[in-house]
Amino acid sequence: MNKQPEPTGFSEEQQITLRGPADLADALPYLMGFHPNDSVVMVALHGGRGRFGGRLRLGIPQSESEWPAVAEQLAECLIKGSERRGSRPDAVVVYLCQDPADGETGNRTMERLRPFAQRLRTACGALDVPVLEALCVSDNRYWSYVCPDSRCCPAEGKPLAMPGTSVMAAAATYAGIQVRGSLREMEARLTPAARPSNDAQLGALDSAGSAMVPLLFDEERRKEVSDATLELAGRLVERLGRAPAAGPSLADINDDRLISDEEAASVILGLQDRETRDKAAEWMEGPEAHSALRLWRALARRCVGPYVEHAAAPLTLAGWVSWSTGDEPAARVALALALRIDPHYTFAQLLHEACNQGLDPETLRRCLRGERGTRAPQRGRGTERVAGARSVRVRPAGRGRTRPGSTRPGHGAAGRRRATRPGAQGRRGSATGR
């Protein structure tokens, strides 16, 4: 579970009056940039007119025993975080969003989550910040845990407004704010789908590990692996950039077809090296940024089976490029997934915190430009090194493969957690690169 404080999306000049629970329920996807499935969302309000401030999202804990502690943590995170950014909230709005379970109605979902809503209200009150409204959104309806008036908040709930028909929708359109679908749909673009081709991808990852992991223990050969990885990734970025544009689902399918299992495996394994990953982060702006984002998404989808933890690197790169190009909702989703896979992945932690604090990504872009500039005079030697690195390229699955179990994560001395940083000790030397 990853807490996600969110900055405001509308400027000070764009004042929108929301009147009651119906308007607040309709505003939620525009505040977040997506429809938050299975989530608790808390929004800070400031001033007498209730200006929206920081917002926070977390997956609803499955175990009710976790609700008291989680409620206290969320209240403290939102309120203390708002104070650090300069202004203590005057009130809070709480949303509990969850689709009904099998055989459950929306009304039953609302009642099941009522104790959690009460815990959140109590936790905020303990910090002297009242909960102005607490809503449950389920099955395309909403309920208020606060409003006692059955005329506006009946026991059976009320339907949500049709998309695009509210004042909030019009204001969001004018402000250029897009709703990117549901959180579930956004995460699906970054996670492997169950399909037969995953067996071939798993074999390619095994073969890539057999070829590459032994080389990572030799500093000179490790540099060759890094150069070969970046050279291949650059070709894939160019290849994706030449592909015609399409809608999200079709684009992802096309991108998967344009990248072979062996190519994906080679880059995935190579990105486990921290220095290689940091150099790959330089595809962050201009025309190549969109193609790089497509590549990182595709690679995250190819981290199948026991290689799921390898997705932390491409997910973090996807989050970085999204943030760098101004798509903060997509950045938070990708970075939250990276931290769900590996909560200690330092690069994702730092980017997640910076994005949530509303920092300017230009600071990091400037640093990466400087790193790229210092290497420019050495590019000639780097190109020669890549040209001579044929021995680190991936062999097709089944051609001279070693036993798969010997190179899969967590199997044997060449396991993923020991591969990337020779000589490093402990968890910080893991292949995720931190």
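The values are calculated or read from the model by the stated rules, or taken from the named source; none is laboratory data. Please read all numbers here as calculations on a predicted model, not as lab measurements. Backbone-built Cβ (ideal geometry, glycine too); neighbour counts: all protein chains shown. The area values use the complete protein model at the heavy-atom level, side chains included, leaving out ligands, DNA and RNA. Shrake-Rupley method; radii C 1.70, N 1.55, O 1.52, S 1.80 Å.
State yes or no: is Ala292 in contact with a Lys or Arg (Cβ under 6 Å, 6 or more places away or on another chain) and either crowded, with 24+ Cβ neighbours inside 10 Å or closer than 22 Å to Leu350 by Cβ (or both)?
Answer is no for this residue.
Is it the case that some residue within region 95-106 is closer than 18 Å to Pro21 by Cβ and part of a helix (DSSP H, G or I)?
Yes, region 95-106 contains a residue that is closer than 18 Å to Pro21 by Cβ and part of a helix (DSSP H, G or I).
Given the residues Ser197, Ser226, which is the only one that is of a type in the set (Ser, Thr, Tyr), buried (at least 16 other Cβ atoms within 10 Å of the Cβ) and at pLDDT below 95?
Ser226
Assess whether Val304 counts as being of a type in the set (A, V, I, L, M), open to solvent by 50 Å² or more (accessible area, probe 1.4 Å) and closer than 15 Å to Thr191 by Cβ.
no
Just to be sure, is Arg221 of a type in the set (D, E, K, R), part of a loop (DSSP other than H, G, I, E, B) and over 21 Å from Glu371 (Cβ atoms)?
No: the conditions fail for Arg221.
In region 134-174, which residue that is in contact with a strand residue (DSSP E or B) (Cβ under 6 Å, 6 or more places away or on another chain) and among the β-branched types (Val, Ile, Thr) is modelled with the highest pLDDT?
Within region 134-174, the match that is modelled with the highest pLDDT is Val137.
Quick check on my filter: what residues within region 251-289 are more than 21 Å from Gly319 (Cα to Cα) and either touching an Asp or Glu at 6+ places or on another chain (Cβ under 7 Å) or open to solvent by 50 Å² or more (accessible area, probe 1.4 Å) (or both)?
Residues satisfying the conditions are Arg257, Leu258, Glu262.
Within region 298-339, which residues are in contact (Cβ under 8 Å) with a residue 60 or more places away in the chain, of a type outside the set (A, V, I, L, M, F, W, C) and within 16 Å of Arg180 (Cα to Cα)?
Once the filter is applied, which keeps residues that are in contact (Cβ under 8 Å) with a residue 60 or more places away in the chain, of a type outside the set (A, V, I, L, M, F, W, C) and within 16 Å of Arg180 (Cα to Cα), region 298-339 yields Glu328, Pro329, Arg332.
So which helices (runs of 4 or more DSSP H) stay within region 231-346 end to end and still have 3 or more residues that are more than 25 Å from Leu216 (Cα to Cα)?
Details: elements: 248-258, 261-270, 274-280, 287-301, 312-324, 328-341.
Here the list reads 248-258, 287-301, 312-324, 328-341.
Within region 85-134, which residues are free of Cβ contacts under 8 Å to residues at least 12 places away in the same chain and under 24 Å from Arg51 (Cβ atoms)?
Gly86, Gly125, Asp128, listed by residue number.
Residue by residue through region 98-130, note down the ones that are open to solvent by less than 60 Å² (accessible area, probe 1.4 Å), over 16 Å from Val146 (Cα atoms) and in contact with a strand residue (DSSP E or B) (Cβ under 8 Å, 6 or more places away or on another chain).
Passing the criteria: Gln98, Pro100, Gly106, Thr109.
Mind checking which residues of region 309-343 are under 19 Å from Ala280 (Cα atoms), open to solvent by 10 Å² or more (accessible area, probe 1.4 Å) and of a type in the set (Val, Ile, Thr)?
Thr325
Given the condition under 17 Å from Thr191 (Cα atoms) and either at pLDDT 85 or above or open to solvent by 20 Å² or more (accessible area, probe 1.4 Å) (or both), answer yes or no: does some residue in region 366-379 qualify?
no
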